[in-house]
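Taking it in order: structure first as structure tokens, then the write-up.
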Amino acid sequence: MSVLPDVMAAAASNPTAKAIKAIALGVGAGLGTIGPGLGVGYIFGKVIESVTRQPEMRDEITSIQWLGFALTEAIIFYAFIFGLIAYFLSGG
């Protein structure tokens, strides 16, 4: 017999374990936003640099910028959703 279900049941009934899980979810979601935050800053910095070098390509650069922004921001939502899934599957 596995003791894992017993441990999970004990952790689910323990308020301290619930608090630790909630803190872990918050830290995980927070750390999951650092990379995309840096990516968004990098994208917009490079767009400014590109437009100042080639102003005639502003429209094309801007359309590519928004695509990159949307894809980078999607990572934040994935990190948050995966954190919620892990939290609730562990007996949150």
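What follows draws every value from the coordinates through simple rules; no lab data is involved. Predicted, not measured: the structure shown is a model, and the values here were computed from it. Note that each Cβ is placed from the backbone with ideal geometry, even for glycine, and that neighbours are counted across all protein chains shown.
Annotations
- Sorted by Cβ density within 10 Å, fewest first, the residues GLU56, GLU49: GLU56, GLU49
- Each residue of the stretch 14-25 is assigned a 3J(HN,Hα), and the resulting list reads 8, x, 5, 5, 5, 5, 5, 5, 5, 5, 4, 4 Hz, derived from the Karplus form 6.51 cos²θ - 1.76 cosθ + 1.60 (θ = phi - 60°), x at Gly and Pro.
- Computed over the stretch 4-89: relative contact order in percent, which uses C-alpha pairs under 8 Å that are six or more apart: 41
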